[in-house]
Amino acid sequence: MQQLRSLTNPFGVCKMVAQLEQELSALGLVTTIGSDMADFAKTKRVARNLDPAPMHDHTVCDFTGDRAFWMGLCDESGKTVGMQAYRCDRMDISLSEWCANYMIGVYMRRNELMVPSHARPPQGSIADRLSGILVYHGELWVDREVKNRRVIELFSRLGSLLVLCKWNPDAIWALTGFHMATRGYASRMGYPYIERGFLRWLWHSDNVEEVEYLAVAERSFLEQIVEESIQAQDGDTLVSAEG
């Protein structure tokens with residue numbers, strides 16, 4: 001029987017989730033969550049007039065067994081102004097061995113051609129040591145009409161903590177392009193590790209960049225930011241009491 005793997009501080013995670021949700025609510029935004037990826041596809045078509053990317057497309061991926069969920073942000077009128085999605089995979093091989101082949105396959109199922117220029121990421125990639133329960137984060141979007149720049153950070157970090165509660169993975173990973181990776185967006189969203197050239201494409205779909213960056217947040221980092229948040233709150237409470 002596989003040994004259960006529990007969170008180090010589940011109460012702290014719950015407190016931080018509640019805090020992030022309250023901050024979004026204070027900005028007039030309502031957070032929704034669901035595991036029906038067909039509903040996600042419908043919502044994205046209405047909100048953005050786009051189909052889901054292959055990694056979160058229920059028509060080419062198997063999401064049975066509670067392997068995916070998605071989140072939405074709605075404004076006070078009920079309009080969808082933000083989205084993101086997560087999928088959980090158990091990998092017996094490293095992410096560097098798994099990723100390119102799997103992505104080529106799901107794109108092919110949608111009759112889209114992806115040809116890598118390199119079979120593996122550069123030597124020394126963090127992906128060489130990532131395996132086990134890994135969660136892919138994609139579809140992150142916040143409407144330009146949402147002016148507060150903190151929303152994308154709050155929304156992404158809330159999703160990461162819900163992933164931690166739901167699957168307690170070894171790591172969360174995402175793919176991003178030059179703009180997001182080099183202007184600090186990835187780190188603001190809670191990814192401490194950014195690696196250039198994880199995927200490099202000779203031929204790729206229109207919505208994919210030739211060189212993709214890998215963003216990674218391992219479990220130890222996610223648990224660390226929870227502890228830092230709790231300590232900061234405790235410090236604020238102590239200062240308030242002394243004052």
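To make sure I understand the rule: partners must be lysines, Cα under 20 Å from the Cα of residue 147, and not fewer than 8 residues away in the same chain. Which ones qualify?
Excluding near neighbours in sequence, the set is 79.
Assign unit charges at the C-beta atoms only (+1 for Lys and Arg, -1 for Asp and Glu), then state the dipole size of the stretch 113-239 relative to its Cα centre in Debye, rounded to the nearest 20.
Once rounded to the nearest 20, the dipole reads 220 debye.
If each residue of separation counts as 0.36 nm, what is the full-extension length gain between residue 7 and residue 148 once their alpha-carbon separation is subtracted? Don't skip to the answer; put the middle values down first.
On the way: separation 141, 0.36 × 141 = 50.76 nm, distance 3.19 nm.
Full-extension gain reported as 47.6 nm.
Suppose every Lys and Arg Cβ carries +1 and every Asp and Glu Cβ carries -1, with no other charges. What dipole size does the stretch 122-187 come out with about its Cα centre, to the nearest 20 debye?
Taking the Cα centre of the stretch 122-187 as origin, the dipole is about 260 debye.
Nearest 10 degrees is fine. How inclined is helix 151-167 to the longest principal axis of the chain, computing both from alpha carbons?
Tilt relative to the chain: about 80 degrees.
Could you pull out every residue, at least 5 positions away or on a different chain, whose amide H is within less than 5 Å of the one on residue 72? Hs are placed 1.01 Å off N in the peptide plane, and Pro or chain starts have none.
32, 33
On alpha carbon coordinates alone, what is the Rg over Rh value for the stretch 10-242, Rh being the Kirkwood radius?
Values: Rg = 18.0 Å, Rh = 18.6 Å.
Answer for the stretch 10-242: 0.97.
With labels modelled as points extended 7 Å from the Cα through the Cβ direction, what inter-label distance (nm, one decimal) is found for residue 120 paired with residue 45?
Using points 7 Å along Cα→Cβ, the separation is 4.1 nm.
In the stretch 10-242, if the dipole is taken from +1 on Lys/Arg beta carbons and -1 on Asp/Glu beta carbons about the Cα centre, which of 138, 122, 208 is farthest to the positive end?
The residue sitting farthest along the positive end of the dipole is 208.
Mind checking the angle between helix 10-26 and the chain's longest principal axis? C-alpha axes, 0 to 90 degrees, to the nearest 10.
The angle comes out near 90 degrees.
With angles folded into 0 to 90 degrees, how steeply does helix 37-48 sit against the dominant principal axis of the chain? Use alpha carbons for both and round to 10.
90
What is the set of long-range amide H partners of residue 143 at a cut-off below 5 Å, with H atoms built 1.01 Å from backbone N?
Amide H neighbours of residue 143: 82.
Taking +1 at the Cβ of each Lys and Arg and -1 at the Cβ of each Asp and Glu, which of 233, 80, 58 sits farthest along the dipole of the chain towards its positive end, judged by Cα position relative to the Cα centre?
Going by the Cα projections, it comes out as 58.
Which residue, 176, 8, 68, has the largest displacement toward the positive end of the dipole of the chain when charges sit on each Cβ (Lys, Arg +1; Asp, Glu -1)?
176
For residue 15 and residue 77 in one chain, what is 0.36 nm times their gap in residues minus the Cα-Cα distance, to one decimal in nm? Kindly include the intermediate steps, with their values, before the conclusion.
Working: separation 62, 0.36 × 62 = 22.32 nm, distance 2.77 nm.
Between residue 15 and residue 77, full extension yields 19.5 nm more.
If you keep only loop residues by DSSP, which chymotrypsin sites (Phe, Trp or Tyr not before Pro) in the stretch 116-172 have at most 11 other Cβ atoms within 10 Å of their Cβ?
For chymotrypsin sites (Phe, Trp or Tyr not before Pro) across the stretch 116-172 that sit outside H, G, I, E and B with at most 11 neighbouring Cβ atoms in 10 Å, the list is empty.
Size of the dipole of the stretch 10-242 about the Cα centre, Lys and Arg at +1 and Asp and Glu at -1 on the beta carbon, nothing else charged, in debye to 20? Could the numbers behind the result be given before it?
Numbers: 24 positive and 32 negative charges, 106 e Å.
Here the stretch 10-242 has a charge dipole of around 500 debye.
Where a number appears in this text, it was derived from the coordinates with a stated rule and is not lab data. What you are looking at is a predicted structure, and each value in this text was computed from that prediction instead of being measured. Positions of Cβ are generated from backbone atoms using ideal geometry, with glycine treated the same way; all protein chains shown enter the neighbour counts.
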